[in-house]
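*Asks:* Before we start, here is the structure in question, set down as structure tokens.
The values are calculated or read from the model by the stated rules, or taken from the named source; none is laboratory data. Model, not experiment: these values are computed from the prediction. So basically every Cβ, Gly included, is an ideal-geometry build from the backbone, and we count neighbours across all protein chains shown.
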Amino acid sequence: MQKNLSDYLPKDAIDMVQIILASDNLVIKVKNERKTKHGDYRELPNGKHQITINSNLNPFRFLITLIHEIAHFEAYNKYGRRIRPHGKEWKLTFQHLMLPFLRPEIFPIELLPLLAKHFKNPKASSDTDSYLALALKQFDEGPPKTYVFQVPLGNNFKLYNGRVFKKGSKRRKRFECVEVKTGKLYLFNPNAEVEIID
């Protein structure tokens, strides 16, 4: 295992992760926060395989992200490169890899039912499972965060990049929000982190 990778994982998951990585021979790089993704997998021009993961993830999200990306590598190796990135082959591989980790020694007991439900049919991102995403965010470090679902209807909020939006009504799972500057309509995940503007 790469030096210091264990610093980012739940303590009781480290040995299991070491076993997976020893057989897969992957290059793992921990990166600074990227707002658009938690991690990624790719084959390098030299034929090696690399996974990158954001350093700001809490240990539970870090583990889920790492196994998610390892599942890409293993699914491509087993089923070939023509499979869909988050298709049935990847889902089966992700489920198979993740199942041994779904234990109270590794994850807090309150996360286990949400994880069990999520892994019946895992999505391309755990963020699309709003209940699991919110539960995982409770373990993030730093000051408390505000999410779109907490913003009162009609109030303005700001994103990390400074763009300002006005919150509208909920459409199925997402909120309709209008960008104040352009008047364009966007759909927001309820768990998007925002700053309320008075």
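*Asks:* Only one residue in 159, 99, 111 is of a type in the set (A, V, I, L, M) and surrounded by fewer than 15 Cβ atoms within 10 Å (Cβ to Cβ), so which one is that?
*Replies:* When all the criteria are applied, what remains is 99.
*Asks:* While we're on this one: Quick one: what pairs do we get from segment 86-108, first residue in contact (Cβ under 8 Å) with a residue 60 or more places away in the chain, second aliphatic (A, V, I, L, M), C-beta under 6 Å, 6+ apart or different chains?
*Replies:* So the pair list comes out as 97/67; 97/71; 101/13; 106/13.
*Asks:* Shifting gears a bit: In segment 168-198, how many residues are surrounded by 14 or more Cβ atoms within 10 Å (Cβ to Cβ) and basic (Lys, Arg)?
*Replies:* So the answer is 2.
*Asks:* Within the set of pairs 6+ apart or on separate chains, which have a first residue in segment 178-192 that is in the same structural domain as residue 166 (by TED's automatic domain parsing), a second that is modelled with pLDDT of 95 or more and hydroxyl-bearing (Ser, Thr, Tyr), and C-beta atoms under 8 Å apart?
*Replies:* Pairs found: 178/186; 179/186.
*Asks:* Let me ask you something else. Looking at residue 45, is it surrounded by 13 or more Cβ atoms within 10 Å (Cβ to Cβ) and not hydrophobic (A, V, I, L, M, F, W, C)?
*Replies:* No; evaluated as a whole, the condition is false for this residue.
*Asks:* Same structure, new question: If residue 55 satisfies every condition in (1) of a type in the set (Gly, Ala, Ser); (2) touching a residue at least 24 places away in the same chain (Cβ under 8 Å); (3) closer than 18 Å to residue 24 by Cα but one, which is the exception?
*Replies:* Answer for residue 55: the failing condition is (3).
*Asks:* All but one of (1) within 23 Å of residue 134 (Cα to Cα); (2) within 19 Å of the chain's Cα centre (by Cα) hold for residue 92, so report the exception by its number.
*Replies:* (1)
*Asks:* Here is a follow-up. With 20, 28, 70, 83 as the choices, which residue is in a loop (DSSP other than H, G, I, E, B) and either touching a helix residue (DSSP H, G or I) at 6+ places or on another chain (Cβ under 6 Å) or aliphatic (A, V, I, L, M) (or both)?
*Replies:* The conditions single out 83.
*Asks:* Mind checking whether some residue in segment 41-60 is part of a strand (DSSP E or B), among the aliphatic types (A, V, I, L, M), closer than 20 Å to residue 74 by Cα and in contact with an Asp or Glu (Cβ under 8 Å, 6 or more places away or on another chain)?
*Replies:* yes
*Asks:* Restricting the search to segment 20-38, which residues are farther than 13 Å from residue 73 by Cα and out of contact with any Lys or Arg (no Cβ under 8 Å at 6 or more places or on another chain)?
*Replies:* 22, 29, 30, 31, 32, 33, 34, 35, 36, 37
*Asks:* From the residues in segment 7-17 that are in a helix (DSSP H, G or I) and either without any contact (Cβ under 8 Å) to a residue 12 or more places away in the chain or of a type outside the set (Gly, Ala, Ser) (or both), which one is farthest from residue 97 (Cα to Cα)?
*Replies:* 7
*Asks:* Just name the residue that is surrounded by the most Cβ atoms within 10 Å (Cβ to Cβ) out of those in segment 118-135 that are without any contact (Cβ under 8 Å) to a residue 24 or more places away in the chain and assigned to a helix (DSSP H, G or I).
*Replies:* Only one residue fits best here, namely 132.
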